[in-house]
1. I'd like the orientation of helix 170-185 relative to the chain: the angle between its Cα long axis and the longest Cα principal axis, in ° from 0 to 90, rounded to 10.
2. Mind checking the log10 I(q)/I(0) for the range 201-254 at q = 0.12, 0.30 Å⁻¹? Debye, one equal scatterer per Cα, no solvent, two decimals.
3. Kindly identify the range 187-339 as rounded, prolate or oblate by the Cα gyration tensor criterion: order the square roots of the eigenvalues as a ≥ b ≥ c, call it rounded if a/c is under 1.5, otherwise compare a/b with b/c, prolate if a/b is larger, else oblate.
4. For the range 162-218, what is the Kirkwood estimate of the hydrodynamic radius, computed as the reciprocal of the mean inverse distance between distinct Cα atoms, to one decimal in Å?
5. Just grab the label-to-label distance for Gln145 and Arg290, each label 7 Å out from Cα along the Cβ direction, in nm (one decimal).
6. Could you let me know the centre-to-centre spacing of the range 62-115 and the range 334-373, using Cα atoms, in angstrom?
7. At 1.4 Å probe size, what's the solvent-accessible area of Thr266? Round to the nearest 10 Å².
8. Go ahead and estimate [θ] at 222 nm for the chain from helices alone: -39,500 (n - 2.57) per DSSP H run with n ≥ 4, summed, over the residue count, rounded to 500.
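The values are calculated or read from the model by the stated rules, or taken from the named source; none is laboratory data. Bear in mind that the values here come from a model prediction, so they are computed numbers and not experimental data. Cβ sites come from the backbone with ideal geometry, for glycine too, and all protein chains shown count toward neighbours. Just the protein is used for accessible areas: all its heavy atoms, side chains included, with ligands, DNA and RNA removed. Shrake-Rupley method; radii C 1.70, N 1.55, O 1.52, S 1.80 Å.
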Amino acid sequence: MPMTTSMWMMGGYQTDFARNWHREGLEFSDLTAESIAGTCEAAGIALTDIEVIHVGNAFGELFAGQGHLGAMPATVCPELWDVPSTRHEAACASGGTALLAAMADLRAGDYDVALVLGMELEKTVPGDAAAGNLGAAAWVGHEGQDAKFMWPHMFAETADEYDRRYGLDVKHLHRIGELNYANGRRNPKAQTRGWTDIRTGADDTANPLVEGRLRRYDCSQITDGAAGVILVSDRYLREHPDARPWSQVTGWGHRTAGLSLASKITRRSDSPYLMPHLRRTITDAFDRARVELSDLDGVEIHDCFSMSEYLTIDHLGLTEVGQSWQAVEDGSIEMGGRLPINPSGGLLGGGHPVGASGVRMLLDASRQVSGRADDNQVEGAKTFGTVNFGGSTATCVATVCTAVES
């Protein structure tokens with residue numbers, strides 16, 4: 001599946017995921033204004049050069065009573081008045097689908113400069129209420145009705161199914177958490193960077209069970225934040241020979257399955273993978289980028305729970321099907337390993353403002369291949385992948401980005 005045109009990431013910005021914007025008396029307009037200003041400054045792109053905008057947001061109405069967030073950029077930036085802008089919702093893959101829409105615009109030749117924002121405010125309500133809001137991304141009324149916390153329950157069910165098929169030792173889930181929180185401590189924008197009391201093991205006091213076999217630190221946090229990137233076309237680079245993009249986006253994949261977890265794990269397929277559509281999303285991105293897993297120097301993946309990362313490890317092809325534990329035990333996923341996973345801290349260590357995560361992943365992947373990842377840098381990184389998904393992998397988005405030749 002060859003790409004019809006290249007796309008280039010000029011630069012991007014992430015807000016501090018440890019902030020509580022509601023407590024500061026701030027709202028979506030403030031979050032939007034900061035993320036746009038930071039993104040344009042990092043990319044060296046003027047507001048007046050932006051030709052189209054795509055905004056990823058999942059739960060604006062539920063957490064803040066605010067919908068129609070595609071119009072928020074023009075609300076806070078007069079220079080963006082009249083610029084076409086659309087909001088995209090795909091649960092935790094909202095940011096990923098916003099990126100896909102922007103890339104489609106560039107590939108079609110309709111526009112040459114796209115601003116992509118992912119943003120979410122979730123700390124506007126107490127934790128239990130926040131968990132209830134997030135449950136809207138499941139098949140409401142058809143699954144998880146008896147669960148106190150919908151998404152820990154759903155990924156605990158995923159863990160049970162993985163265990164039934166292949167076997168699963170929770171110590172490997174706890175190790176994934178340990179690694180990602182450790183990476184997050186080196187990230188100056190990570191939500192948990194200053195946390196000192198994280199215990200990822202089977203400690204019923206410090207790390208109690210939440211749902212099924214998943215414990216507190218197997219679960220990503222309620223997070224406020226935004227991330228933004230500027231994507232440009234080949235034509236833009238030809239017309240601006242002095243432009244210096246951070247990375248080239250060389251491949252993408254996008255697959256969608258049904259809402260319910262049960263429909264995915266009971267669907268008959270010739271594939272040995274637990275989630276064949278997730279595997280196909282990843283291989284689509286590899287095929288379009290003309291790379292194999294061995295060409296990647298690292299990957300940012302969707303560890304909303306330790307189990308979601310564990311699931312993705314074998315779907316990447318890093319191990320044989322059902323053998324994700326091997327990559328955890330042999331150090332493959334660690335910094336310095338064969339394929340470092342989530343050097344940023346991921347969602348567990350870095351934070352998970354739902355609509356922002358897909359955009360943040362591409363931003364961090366681009367930082368890696370351009371040598372901008374500071375204390376989280378994978379040495380010599382030239383090719384990086386991302387895997388973003390929403391719900392119980394209902395919407396899956398993957399990308400590949402590479403270093404720009406000087």
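1. Roughly 30 degrees between the two axes.
2. Once normalised to I(0) and log-transformed, intensities are -0.60, -1.19.
3. Here the range 187-339 falls in the oblate category.
4. After inverting the pairwise mean of 1/r, the radius is 12.3 Å.
5. Using points 7 Å along Cα→Cβ, the separation is 5.4 nm.
6. 22 Å
7. 100 Å²
8. -10500 deg cm²/dmol
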